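Down below is the structure, laid out as structure tokens.
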Amino acid sequence: MTCSMGEIKSLALIHGWGGDSRCWRPLLEQWQSIAGTFAGPIVNIDLPGFGARIHEPWPQTETLLAELEAQLPQDCLLLGWSLGGMLAVQLAERSKRIGSNKVRALVTIGANGRFVATEGWPAAMPETVFTDFCRAQREAPAKNMQRFAGLQARGDSEMRGLLKTLKAEVPSVVPQSWSQALECLGNLDNRALLAVPAVPTLHLFGEGDALVPVQAASALEVLGASCKVIPQSGHCPHLSRPAQVAQIIRDFVGNSLRESIFGYASNSAAPLEKTSVARAFGRAAASYDAAAHLQRAVCRELLSRAPEHRSPRRILDLGSGTGYGSELLRKRFPDAEIIALDIAPQMLQFARAHRPVSNAYVAADAEQLPLADACIDLVFSSFALQWCYRLPQLFAEMRRVLAPAGDILISTLLPGTLRELEASWAAVDDAIHVNRFLPESDWHGACVANQLQTTTAVEQRVLHFDDVKSLMRELKSIGAHNVNREAGKGLLSRAKLRKLTEAYESERTDVGLPATYEVLYLQLAHSAAAASALDAVAPG
């Protein structure tokens, strides 16, 4: 499902429970950077009983949705926060069902599939906590709203300033209609709608949200929804970091709302076929070791980051390739059971013949591990997972097989890798010639959403080559040449090679033609928070 910039002409915004249309001011100040050529209106809606409509009663849900749908401008991007986000999901579906098609795309912030936990949906507020909050709202609304402001700000690195803003916007008299709005929030259930979205949709979550647990992102992704976790933010990232949220929305719209754009946060469609990756590395099994200088150096660096004084009993070498990493692991942990797993059977055959140090060899995809739960003490993966684009599923699998006290060590590649080659190809044609790498925020967000304690480090390594042919020959030797679906097909003509060479020569240094690699290191473990119950929280 795609949508072009030309189809989105306006913006509509719906605030959350306990707030009003003023909550969008910081984001709207950034709107010019989002809007670009948007020519239509901006409609900032106050819900009944809130803001300028504070004296109005809260209507029945169907009546409310009909009223809100009538207020939406044509061809809009609909943005909803918390309760407003849950209503926005309903509105997008209603717009499509009744044929008005006003909603072209949807972004929600801090909105769950179901706000109150139920059987089969634990990633939400416990029902007892919600019930207690509703009671407090009826009995002492002013006091409860001060508590609510604190809960909205909790978990945000800008908590102090955010709390001041939120408390200043609480009305002097809180109407009883807000209790009816709470009942609406508790009854909304969007899970079925999220599984089959009416329009291109992105769901944003705060990493430290005390109202909608970040685990909801993983739960929504299981349904097929596209999500993104914003680090160091709570329930109100549009207030605490509006420029970042504006950038995310701009990217979402500007890239035709493709589900794959947010890798971590989305259940993204990969730009390549895994079978193509397996064939490429299978063909490179015999030539890989002679060319993999960078790969071996990064593998050694990754292993040096293993926790001291740990003696894992069972190790998974994930994306084991020719077995170089398995050999290093055997030297470091001589008594461990090592499972070598790779998507390319030929790589496993080569490793078994030339580096027979593993106890088992398994041909499988990292996103679908054929291993039992909690059976691995150390997952080790060097330069293999950049071929995975469904990061939530990838880390859900690693978390599933990881023992409670286990560790995960990963090295992978980031955008900017082979940027000289990519820029040089851009001077030749418009085809895709360099594999797409997901940003650090996507990797970090997927780890957080899967309750993995995360430490990251980024390193830049630069190789140098005598000429373009040498670089491309090495990439092919290690199986890392372009396997994108949209890659240019056919042999490289002499004319194109000449243009590519001329363009790349502008990058030449005293030591040769540079090829930059942006390397990401991840050190992961089960989050302490994953083992504890949700804090007593309240709705938003």
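The values are calculated or read from the model by the stated rules, or taken from the named source; none is laboratory data. Nothing here was measured: the structure is a model prediction, and the numbers come from that model. Every residue, glycine among them, receives a Cβ derived from its backbone with ideal geometry; neighbour counts consider all protein chains shown.
Key figures
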item: Index of the failed condition, V212 passing every other in (1) closer than 17 Å to A88 by Cα; (2) in a helix (DSSP H, G or I); result: (2)
item: Residue match in the range 287-301 (condition: of a type in the set (S, T, Y) and over 16 Å from S477 (Cβ atoms)); result: no
item: Leading residue by the ranking (modelled with the lowest pLDDT) among those in the range 19-39 that are buried (at least 18 other Cβ atoms within 10 Å of the Cβ) and not hydrophobic (A, V, I, L, M, F, W, C); result: Q30
item: Test: residue in the range 62-73 that is buried (at least 19 other Cβ atoms within 10 Å of the Cβ), modelled with pLDDT of 90 or more, hydrophobic (A, V, I, L, M, F, W, C) and over 18 Å from P171 (Cβ atoms); result: yes
item: Odd one out for V434 among (1) among the aliphatic types (A, V, I, L, M); (2) at pLDDT below 85; (3) out of contact with any strand residue (DSSP E or B) (no Cβ under 9 Å at 6 or more places or on another chain); result: (3)
item: Some residue of the range 121-131 being in contact with a Lys or Arg (Cβ under 6 Å, 6 or more places away or on another chain) and either farther than 30 Å from S10 by Cβ or of a type in the set (D, E, K, R) (or both); result: yes
item: Candidates L522, L475 - the one that is surrounded by 15 or more Cβ atoms within 10 Å (Cβ to Cβ), outside any loop (DSSP other than H, G, I, E, B) and either in contact with a helix residue (DSSP H, G or I) (Cβ under 8 Å, 6 or more places away or on another chain) or at pLDDT 90 or above (or both); result: L522
item: Residue in the range 483-503 that is modelled with pLDDT under 60, touching a strand residue (DSSP E or B) at 6+ places or on another chain (Cβ under 8 Å), β-branched (V, I, T) and farther than 30 Å from V129 by Cβ present; result: yes
item: Residue in the range 369-376 that is closer than 20 Å to F281 by Cα, outside the structural domain of L204 (by TED's automatic domain parsing), buried (at least 17 other Cβ atoms within 10 Å of the Cβ) and under 24 Å from the mean Cα position of the chain (by Cα) present; result: yes
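One line per residue, one yes/no per condition, for (1) more than 25 Å from the chain's Cα centre (by Cα); (2) of a type outside the set (D, E):
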residue	(1), (2)
G321	yes, yes
I338	yes, yes
D342	no, no
S382	no, yes
L385	no, yes
